[in-house]
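Following: one structure in structure tokens, then a few remarks.
The values are calculated or read from the model by the stated rules, or taken from the named source; none is laboratory data. Quick caveat: nothing in here was measured; it's all calculated off a predicted structure. Please note: Cβ atoms are built from the backbone with ideal geometry, for glycine as well, and neighbour counts cover all protein chains shown. Areas reflect the complete protein model, heavy atoms only, side chains present, ligands, DNA and RNA absent. Shrake-Rupley method; radii C 1.70, N 1.55, O 1.52, S 1.80 Å.
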Amino acid sequence: TLSYLGLPGPKLLDVLTWREFIGAWTAVQVVDTVEAQDDAAELELNVNRENLERDFLFVKGDIDDFIIQDANKPDTDQRNLRWPYQLVNLDYIGGLVYRRRDVTSKHIEAIKSVIDIQRNHPFLLFLTLNLRDKDKGELEEWVQAIEGELVAAKYENVADRFDAHRQLKNAGLLKIYVPSIIEAHARHHEFRFYPPVLYHGSKQMLHFVVEFIVVRDVVDEADA
């Protein structure tokens with residue numbers, strides 16, 4: 001069985017779908033509003049109804065905060081979550097590049113922290129993004145920079161391919177942006193992106209699956 005970390009919501013849909021594969025598991029739920037508190041209560045009720053209490057950890061709060069805090073705690077006994085996990089499922093309803101006042105993205109910082117904490121462990125990252133990102137032009141700036149690098153390296157048909165992605169608006173930009181962010185940070189893993197899935201509807205979502213494979217012969221200066 002595989003260990004799971006994620007945001008299953010009160011109905012536990014992903015956990016129930018994968019229950020034959022999941023052993024120990026951790027669910028995280030914000031409780032900053034009355035509605036969120038009701039969701040947390042329903043989540044716990046459904047855990048009992050579905051007989052999923054075994055090896056279950058319920059953590060109430062912001063999953064990004066817990067992940068980022070754990071990345072800065074060398075003492076694993078002091079961490080909020082039970083690392084490592086083989087399945088990490090992050091559902092970012094607010095979009096990926098939503099910026100804080102200090103002009104950083106907590107979601108991206110959390111993804112980088114997951115990769116860093118799990119440097120010695122293979123895992124699957126499931127990432128679902130709302131396409132209504134509230135960035136300040138960062139997506140387009142980043143994509144333009146990548147496009148310029150590929151043009152300078154004399155790859156063929158770069159402009160045509162990037163224009164085709166731009167026609168998909170944020171979905172196309174994120175299809176370029178997300179792999180580049182992960183590639184820039186995954187120093188201890190090889191990784192494989194599966195074809196992303198675009199969900200159409202009133203709330204468009206883009207779903208990524210990334211497989212991280214440990215590279216045993218990669219050791220950076222911090223580990224030496």
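Looking only at residues in the range 10-25 that are under 14 Å from residue 57 (Cα atoms) and either out of contact with any helix residue (DSSP H, G or I) (no Cβ under 6 Å at 6 or more places or on another chain) or among the small types (Gly, Ala, Ser) (or both), which one is most open to solvent (accessible area, probe 1.4 Å)? Steps first, answer last, please.
Filtering the range 10-25 down to residues under 14 Å from residue 57 (Cα atoms) leaves 12, 15, 22-25.
Then keep just the ones that are either out of contact with any helix residue (DSSP H, G or I) (no Cβ under 6 Å at 6 or more places or on another chain) or among the small types (Gly, Ala, Ser) (or both); that gives 15, 22-25.
Working: 15: 2, 22: 22, 23: 19, 24: 42, 25: 6 Å².
It comes out as 24.
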(1) open to solvent by less than 50 Å² (accessible area, probe 1.4 Å); (2) touching a strand residue (DSSP E or B) at 6+ places or on another chain (Cβ under 9 Å); (3) under 18 Å from residue 114 (Cβ atoms): which one isn't true of residue 205, the others all being true?
(3)
Just checking, does the range 193-203 include any residue being closer than 21 Å to residue 87 by Cα and at pLDDT below 90?
no
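Taking the stated definitions as given, is residue 31 in a loop (DSSP other than H, G, I, E, B), over 22 Å from residue 125 (Cβ atoms) and β-branched (Val, Ile, Thr)? Spell out how you get there, then give the answer.
Numbers: in a loop (DSSP other than H, G, I, E, B): yes; over 22 Å from residue 125 (Cβ atoms): yes; β-branched (Val, Ile, Thr): yes.
Yes; evaluated as a whole, the condition is true for this residue.
Just to be sure before I move on: is residue 44 over 14 Å from the mean Cα position of the chain (by Cα), assigned to a loop (DSSP other than H, G, I, E, B) and among the acidic types (Asp, Glu) in the structure I sent? Walk me through it before giving the result.
Working: over 14 Å from the mean Cα position of the chain (by Cα): yes; assigned to a loop (DSSP other than H, G, I, E, B): no; among the acidic types (Asp, Glu): yes.
It is false that residue 44 is over 14 Å from the mean Cα position of the chain (by Cα), assigned to a loop (DSSP other than H, G, I, E, B) and among the acidic types (Asp, Glu).
I want to confirm something. Restricting to the range 71-120 and keeping residues that are of a type in the set (Val, Ile, Thr) and outside any helix (DSSP H, G or I), which single residue is modelled with the lowest pLDDT?
Here is the first cut: in the range 71-120, the ones of a type in the set (Val, Ile, Thr) are 76, 88, 93, 97, 103-104, 108, 111, 114-115, 117.
Cutting the leftovers down to outside any helix (DSSP H, G or I) gives us 88, 93, 97, 103-104.
Numbers: 88: 98, 93: 77, 97: 72, 103: 50, 104: 66.
Top of the filtered list is 103.
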Pull out all pairs, ordered by first then second residue, where Cβ-Cβ is under 7 Å, the residues are six or more apart or on different chains, the first lies in the range 97-120 and is open to solvent by 10 Å² or more (accessible area, probe 1.4 Å), and the second is among the polar types (S, T, N, Q) and modelled with pLDDT under 90.
98/105; 99/105
For the range 49-80, name all the residues that are within 15 Å of residue 25 (Cα to Cα) and open to solvent by 60 Å² or more (accessible area, probe 1.4 Å).
50, 51, 53, 54, 55, 60
